[in-house]
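Data first, discussion second: the structure below is written as structure tokens.
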Amino acid sequence: MDKPRDAAAKDGHVETSPASTPAKKPHADGSPAESNAAPVRSELMVAETTDDPAIEADDTASDAGYESETASRASTSVCSSVRDYEFENNRRYHRFQEGRYQFPNDEPEQEREDMKHAMVVHLCQGKLHYAPLENPQKMLDIGTGTGIWAIDMGDEYPEAEILGIDLSPIQPQWVPPNVQFMVDDAEAEWVIPPDSLDYVHIRHMTSSIRDWPTLLSRAYQALKPGGWIELQELQFEVRCDDGTVRQGNKVAHFFETMKRALINFDVDLLAMRHNKRNVTDAGFVNVTEIPFKVPIGEWPKDARMKMIGLYNRSMIHDALYGVAVRPFTRGLKWTPEEVEVYLIDVRRELTDSSQHGYTPYTIVTGRKPG
């Protein structure tokens, strides 16, 4: 956001960073036992679709399992309340605007977010954006996370100023000179001057934002006439083109359970289905929607798609407990032990290459008139 460095914190905004027991009896309502006894038969979660050409399956694909390693990241310690953290169920969460974001921000989650970035870059064949940018000067990355996209954009556009905002101060200290990070809440009142940005980038935020129309309206006001907005989102459904994904698929059921959990926090996990309409309703023109398919696992025949599928499967696998434990315990009133037991079958199903499932990935771009 285009704020002076010495601006005072305002309306939930914070100054720019100087650096960058035994298991209990399952509950009767929404418990894992109930979930497993009556699998969700949802069109949204497992569906046949013909939106894009089908991904050709590799009949020889097999999964021998895998292990993920955890590496440490350097972090910057600053004496400020916004740089404190809270801990729950052995995971670390943001303290600033506590409870707005239900997922952890610790080192394993940061590594998973960077893996997700690599997956998307491969999916998009190296493209960091699809909006037709021409000599952009000021860009905003909403929900920047580890800052990896903003850093890559800073290298690609060395003449542009790029600001990444997030509730968590987890970005690296050493970044390109044209990249800056700020601890900020995108759903708080914006203090960015009107008509000041050339590009607004929003990616992987569907599980976080509660009021998309308001957010897009503020982005519209902050963009210059002719400026672009871009939304890139995974759609948390298991789709299938060839009928191999079975009813009662545990990964599909996990997505449906997460959707029910996040409703308790006023978050719609499938809000990305309305991105094109919401961008249009906000006043943008030349709105386009670009669909992709992200395979789950190594079942595709094509080598690039096989690698993308491995990324996706690994990203989901490594996310399971970390992203589930708070929404499921706070939103659905499960115990941590119930969460662990429930996830056993989900992990097992992730390695079944006989089911050719994928998750949709959609990019929406729009231009402010002028």
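The values are calculated or read from the model by the stated rules, or taken from the named source; none is laboratory data. Here the structure is a predicted model, which is why all the values come from computation and not from measurement. Please note: Cβ atoms are built from the backbone with ideal geometry, for glycine as well, and neighbour counts cover all protein chains shown. Surface accessibility is based on the protein's heavy atoms, side chains included, excluding ligands, DNA and RNA. Shrake-Rupley method; radii C 1.70, N 1.55, O 1.52, S 1.80 Å.
Applying 1/(1 + (r/R0)^6) with r as the Cβ-Cβ distance of HIS122 and LYS333 and R0 = 41 angstrom yields a FRET efficiency of 0.60.
Past 30 Å, Cα to Cα: identify those pairs from LYS301/LYS368; LYS116/LYS276; LYS301/LYS333; LYS306/LYS333; LYS276/LYS333, in the order given. With Cα atoms farther than 30 Å apart: LYS301/LYS368; LYS301/LYS333; LYS306/LYS333; LYS276/LYS333. Protein heavy-atom surface of segment 152-212, 1.4 angstrom probe: 47% of the accessible area is carbon and sulfur, with nucleic acids and ligands not counted.
The listed peptides 354-363, 209-218, ordered by packing as a protection proxy, come out as 354-363, 209-218 (highest mean of other Cβ atoms within 10 Å first). Applied to segment 292-304, the Karplus parametrisation 6.51 cos²θ - 1.76 cosθ + 1.60 on θ = phi - 60° returns per-residue 3J(HN,Hα) values of 10, 10, 10, x, 9, x, 9, 6, x, 7, 5, 5, 5 Hz, with x for Gly and Pro. Accessible area per residue for segment 170-220 is 36 Å², calculated with a 1.4 Å probe on protein heavy atoms, without ligands, DNA or RNA. In segment 131-283, a dipole from Cβ-located charges (positive for Lys and Arg, negative for Asp and Glu) runs towards its positive end, and of LEU215, ILE170, VAL245 it is VAL245 whose Cα lies farthest in that direction.
Diffusion of segment 209-293 by Stokes-Einstein, at 37 °C in a medium of 0.692 mPa s and with Rh set to the Kirkwood radius over alpha-carbon pairs, works out to 219 µm²/s. Across segment 213-218, coupling constants 3J(HN,Hα) worked out from phi with the 6.51/-1.76/1.60 Karplus curve, θ = phi - 60°, read x, 5, 4, 5, 5, 5 Hz, and Gly and Pro carry x.
Label separation (SER196 vs ASP211): 2.1 nm, computed from points 7 Å beyond Cα along the C-beta direction.
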